[in-house]
Every structure is written in C-alpha cells, then in structure tokens.
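Have a look at the structure below, then the notes.
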Amino acid sequence: MIRHLTVSTPGQGLHEFTDQLNALVRDAGVREGLCTLFIQHASASLLIDAGQDGPSQNDPLYTHQNEGPDDMPGHIKSALTATQISIPVSEGRLALGTWQGVYLWEHRHRGGARRLVVRIGA
Amino acid sequence: MIRHLTVSTPGQGLHEFTDQLNALVRDAGVREGLCTLFIQHASASLLIDAGQDGPSQNDPLYTHQNEGPDDMPGHIKSALTATQISIPVSEGRLALGTWQGVYLWEHRHRGGARRLVVRIGA
Amino acid sequence: MIRHLTVSTPGQGLHEFTDQLNALVRDAGVREGLCTLFIQHASASLLIDAGQDGPSQNDPLYTHQNEGPDDMPGHIKSALTATQISIPVSEGRLALGTWQGVYLWEHRHRGGARRLVVRIGA
C-alpha cells in the first residue's frame, strides 16, 4: 500500500508525527510487515528520536552549538541525514522503542508543507 | 527480484544513476512496491540529492570546505553516510520528488566499478 | 517474519553481529528478500563496516580524534547515525560485500543489552 502524507512544519527543528503514522498503519490493516517513509525534499529529513532529554522540537545540530557543528550548512546536513526510514510493523503497530518517536526534521528557517510517501507492505 | 548493478565512477563526488535504476524498476514490472539499494563497498555510499544548486557532480563534504568538515577522513565519512536506501515504487516508477535523483557518492580520489545489489519487491 | 534480537555490548564502539543475523535469515528459510534491522534505542546505532583497516571494535568517531569530530556529543551522533538498515537477502544469505559486516555501534561508555527488531520479508 502506498499513501501520501503531508506534514506541515512551522520552522526549523523536529516535528513529531508518530500518531499520524500509526493511524496510517492501523488503516492499512497490516499486522506484521514493514513501513517505509520517504521524504520528497532535500531541505528536510527524517529522524527517529527518543526524546529522553525533554521536548524535541529543537534542531539537534543547532541547539547544541557549543558542543557540535552548529554552522553546518543545509547542503551538508542533507547529505548526512536520512531521506528514508523503514520501521518494522508488529502486532499492527510501528515496532518503536518505548521512548522513540518519528520526527520530520526541518532544515529551513521557514518551514512548509512537506510531502512524504509511505509504503506499508505485509 | 534481486538484481546486481555496477556503477562506474571516474573519481570522488556524486554520480547520478536514476535512469539506470528506473529502467530496472520498469523491467521488474512492479507497479507498487519497494526498491532497496545496497552498496557492497565501504569507500562509497548512496545519496538522494535534489540538485537545485546546479550540477551535483561534486562532493558535498569536499566542495564546501569553507563551511564544513572538509577534512573528514573516509572512515568517518563512511560511518555517517548511507550504505543503503529504500525508495517506494508507485505507478511503476521510483516515487522521487520532482528534483530528486539517486546518486552514488564516491569517497576515493580514484573511482572504480562499484557493485550494488538492488531488491525490488511488490 | 518479525524476530527480536538482543545484542550485549561491553562499552562504546563497534560490536559485530553478522553471524547472529545470518543465522536468523537461515532459520527464516527466505531465499530472496529483504532483511530490515531496527534498533529500539537512541544511544546506539547500526553500521555496515568493511573492517579493512583492521579490528573494528573501536568507535569510528572517537578513535580518529586527531582527524575528526572526536567530541561529538551523543545527541548529535544519534541524529547523524542509522537507527535502521535494510539488507537484501540473496541465495538465503545477507547480500553483503566480501569485507562487510553488520555492527551495533554503542554510543555510551557503559554498554548494555540492546534490543533490535528484525523483519525478514520474502
């Protein structure tokens, strides 16, 4: 099953959409399989994050500017981050760890409507 | 369906092979499914790039030497880049965004014949 | 087929588990397909490494401290490394290159029992 999903982002940083994705998996009626997300943009990427450190709305590479490559330009960021993620489906749900969520990582200061292609296979 | 694909690279940087890959998908006769690429080398990787910035033959981490980690050694580059990418197939084609292409990213100054395993599943 | 796999790590660095994974693939009886690994933690990731440089037990970002970002904090490392990898299965085995192995990359100084979800599809 192929579905198209749009995630709107207000600006740079992480935006969780785990619930939207689990709803798609539930609608697909797949009990065991694989859910693959693909983002059709170069200026945003996908991330599985655990969020143990508190709210994850911020950009991991921007907010840690005293510790890491804060000035990493978008082109490099895009080359090192994920356009695609596959998550196993087990018992009708994404097989995420307890604290894990699925995030769209916006790299532009101004966000937008980001198009994802979701493939759910049995 | 498993296919083997060889992409020859003249040297360091990005080398597009979207057309070769779409031809494989067409030959597979799969209308809806998943195409997974896996590169059998550590000194090259895979990248989905949008190429809006003009020709993408150059190396994203090398050409931006005034902005980023230009001296990143091959071992680190290999650890942070993608050995594998999965792309949904929709209506018999790779479901790429308008500007996106599939690139082999050569990390060695001298390129070579790079072996890929391609799996196309319905 | 969904399986759960635990890899125990004594501490930071790379820990190979190719043999364990090939055993799972063999038990699944899948001759041709796709094996997807997903790690249910944020403080560890997955890596395909070629190990040509000798033993790969060490951390690629730590041991090269004179060449690269040795002080990269865990949060950034997690954002730039792989939570998930898919490997084609061909002739009943993982279609790895001659020198490639599958590694769990522990980011914490103290390791632990790391949970993986493995999906093997025909």
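The values are calculated or read from the model by the stated rules, or taken from the named source; none is laboratory data. The structure displayed is predicted, hence computed values, not measured ones. Reconstructed Cβ throughout: ideal geometry from the backbone, glycine too, with neighbour counts over all protein chains shown. With ligands, DNA and RNA removed, areas are computed over all heavy atoms of the protein, side chains included. Shrake-Rupley method; radii C 1.70, N 1.55, O 1.52, S 1.80 Å.
Could you tell me which residue of segment A:96-122 is farthest from C:Lys77 (Cα to Cα), considering only residues that are at the interface with another protein chain (Cβ under 7 Å from one of its Cβ atoms) and open to solvent by less than 10 Å² (accessible area, probe 1.4 Å)? Restricting to residues being at the interface with another protein chain (Cβ under 7 Å from one of its Cβ atoms) and open to solvent by less than 10 Å² (accessible area, probe 1.4 Å), the top hit is A:Gly121. Please go through segment A:1-40 and pick out each residue that is part of a loop (DSSP other than H, G, I, E, B) and farther than 17 Å from B:Ser90 by Cα. Passing the criteria: A:Phe17, A:Gly29, A:Val30, A:Arg31, A:Glu32. As for segment C:2-22, it holds no residue that is open to solvent by 70 Å² or more (accessible area, probe 1.4 Å), at pLDDT below 90 and within 19 Å of B:Ser78 (Cα to Cα).
Which one of these is in contact with a strand residue (DSSP E or B) (Cβ under 6 Å, 6 or more places away or on another chain), over 23 Å from C:Thr36 (Cβ atoms) and touching a residue at least 24 places away in the same chain (Cβ under 8 Å): A:Thr18, A:Thr6? Answer to the check: A:Thr6.
Which one is nearest to C:Arg93 (Cα to Cα), of the residues in segment C:41-53 that are more than 13 Å from chain A (Cβ to nearest Cβ) and crowded, with 20+ Cβ neighbours inside 10 Å?
Pass one, segment C:41-53, residues more than 13 Å from chain A (Cβ to nearest Cβ): C:47-53.
Applying the additional criterion that residues be crowded, with 20+ Cβ neighbours inside 10 Å yields C:47-49.
Numbers: C:Leu47: 18, C:Ile48: 15, C:Asp49: 17 Å.
Looking at the filtered set, the residue picked out is C:Ile48.
Taking the condition among the charged types (D, E, K, R), more than 7 Å from every other protein chain (Cβ to nearest Cβ) and open to solvent by less than 10 Å² (accessible area, probe 1.4 Å), does B:Glu91 pass? Can you show your working first?
Working: among the charged types (D, E, K, R): yes; more than 7 Å from every other protein chain (Cβ to nearest Cβ): yes; open to solvent by less than 10 Å² (accessible area, probe 1.4 Å): no.
It is false that B:Glu91 is among the charged types (D, E, K, R), more than 7 Å from every other protein chain (Cβ to nearest Cβ) and open to solvent by less than 10 Å² (accessible area, probe 1.4 Å).
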